[in-house]
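FYI, it's all coordinate maths here, none of it is from the lab. In this text the structure is predicted, and so the values were computed from the model without any measurement. Note that we place each Cβ from the backbone using ideal geometry, even for glycine, and neighbour counts take in every protein chain shown.
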Number of protein chains: 2
Amino acid sequence: MTKKTPEDAFEAVRKVFTEYLEKHGHRKTPERFTILKEIFATEGHFDIETLYIRMKNHKYRVSRATLYNTIELLLDCGLVTKHQFGTNYAQFEKSTKLRQHDHFIFNDNGDVIEFYDPRIEEIRTSLEKTYSVEVTNYSLTFYGHPRTKK
Amino acid sequence: MTKKTPEDAFEAVRKVFTEYLEKHGHRKTPERFTILKEIFATEGHFDIETLYIRMKNHKYRVSRATLYNTIELLLDCGLVTKHQFGTNYAQFEKSTKLRQHDHFIFNDNGDVIEFYDPRIEEIRTSLEKTYSVEVTNYSLTFYGHPRTKK
DNA sequence: TTAGATGCAAACGGTTTGCAGGGAA
DNA sequence: TTCCCTGCAAACCGTTTGCATCTAA
């Protein structure tokens with residue numbers, strides 16, 4: 001068994017997007033794949049403006065409208081996750097489905113810690129049972145600061 | 001022991017706000033108390049625009065600027081809670097501190113179920129221990145739809 | 001008396017929309 | 001060739017800011 005290279009991983013992602021586009025009758029434009037690539041080369045969270053600047057710096061000709069449009073598609077096919085950390089602009093994150101996690105945000109500078117606690121699944125399950133609903137997604141975010149020394 | 005009337009309850013709230021204003025050297029203007037009263041007469045969630053319209057309908061002369069300003073104070077003294085349910089406008093809710101709860105949002109119409117699961121406190125505690133942080137507040141929201149029948 | 005609050009309207013900034021031109025199918 | 005997609009810029013809309021006026025202290 002051979003180890004997967006990052007290139008292999010991105011190929012898998014590209015394939016997911018391609019199949020999604022085909023299934024929904026959307027065109028496979030070069031812009032869409034360029035944006036996908038740029039996002040998957042990004043670690044951590046980003047917002048549209050940051051992505052726009054980064055692509056401009058990389059000499060890509062792209063418009064914000066296309067970024068919003070494409071992000072919408074990527075959200076729909078589950079390759080990207082959207083967060084609204086209490087600000088009035090959205091932040092996004094590539095979602096590899098490999099590592100489900102939630103967030104702790106530092107109040108002062110917006111830094112992010114990612115964590116995972118399986119008990120969230122228990123809460124989800126009992127919620128679904130109690131109210132006869134089906135959860136499609138959720139958001140758990142803690143806010144705070146470093147523990148102060150006594 | 002006599003039962004508390006809603007009026008008593010609001011008096012307690014008014015007192016919290018009054019003391020907060022005094023402590024921080026803010027003026028006790030009639031506008032601020034009118035807004036407080038209007039908010040505590042509101043069930044469920046609301047946004048600034050809705051509150052503004054409601055107060056206009058009640059023939060109050062108030063500006064959006066003052067609403068934003070006052071909400072900020074109410075958030076600071078813990079009488080109101082802010083939510084950002086994935087939309088780009090904020091929603092608020094009076095917080096009585098009597099019933100801590102989280103939310104389930106119906107994807108199609110934005111309806112809200114409030115629930116409480118104590119396991120969230122366990123998650124919070126282990127997060128604080130693991131990362132040496134102190135949680136000041138958090139947001140847990142599930143999104144979904146009614147369970148489909150088989 | 002005076003510094004903080006208010007109402008109004010303009011500014012701000014992230015997101016959405018309209019439209020002419022371009023390119024995937 | 002068709003019509004979906006793109007880039008650009010204007011519009012949109014929730015929120016913030018500037019300023020003249022008012023008022024709680």
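For the options B:His45, B:His58, B:His103, a Gaussian network treatment of chain B with springs between C-alpha atoms closer than 10 Å singles out B:His58 as fluctuating the most.
Shielding by partners for peptide A:126-135, expressed as the average number of C-beta atoms from other protein chains within 10 Å of each residue's C-beta, is 5. Rounded, prolate or oblate for the protein assembly as shown? Axes are the square roots of the Cα gyration tensor eigenvalues, ordered a ≥ b ≥ c, and the cut-off for rounded is a/c under 1.5. Verdict is prolate for the protein assembly as shown.
Computed about its Cα centre, the charge dipole of the protein assembly as shown is approximately 380 debye, with only Lys, Arg, Asp and Glu carrying charge at their Cβ.
For A:Asn137, inter-copy separations between label points set 7 Å beyond Cα along the Cβ vector come to 2.4 nm, shortest first.
Dipole magnitude for chain A: about 400 debye, using +1 per Lys or Arg Cβ and -1 per Asp or Glu Cβ, origin at the Cα centre. Using the charge dipole of segment B:11-149 (Lys, Arg: +1 at Cβ; Asp, Glu: -1 at Cβ; taken about the Cα centre), state which of B:Leu67, B:Met55, B:Gln100 has its Cα farthest towards the positive end. Of the options given, the answer is B:Met55.
Here the Karplus curve 6.51 cos²θ - 1.76 cosθ + 1.60, taken at θ = phi - 60°, turns the phi angles of segment A:69-84 into couplings of 4, 5, 4, 4, 5, 5, 5, 5, 9, x, 7, 9, 10, 10, 10, 10 Hz, with x standing for Gly and Pro.
Taking amide H as placed 1.01 Å from N in the peptide plane, B:Asp47 has its amide H under 5 Å from the amide H of B:Phe92, each at least 5 places away in sequence or on another chain.
Counting only DSSP H runs of at least 4 residues, each contributing -39500 (n - 2.57), and dividing by the residue count of the protein assembly as shown, the helix-based mean residue ellipticity at 222 nm comes to -13500 deg cm²/dmol. Which shape class applies to segment B:69-150: rounded if a/c is under 1.5, otherwise prolate when a/b exceeds b/c and oblate if not, where a ≥ b ≥ c are the square roots of the Cα gyration tensor eigenvalues? It comes out oblate by the Cα gyration axes.
Shortest first, A:Val16 label-point distances to identical copies amount to 4.3 nm, with the label point at 7 Å from Cα along Cα→Cβ. On the principal axes of its alpha carbon atoms, chain B extends 53, 40, 39 Å, with the longest extent given first.
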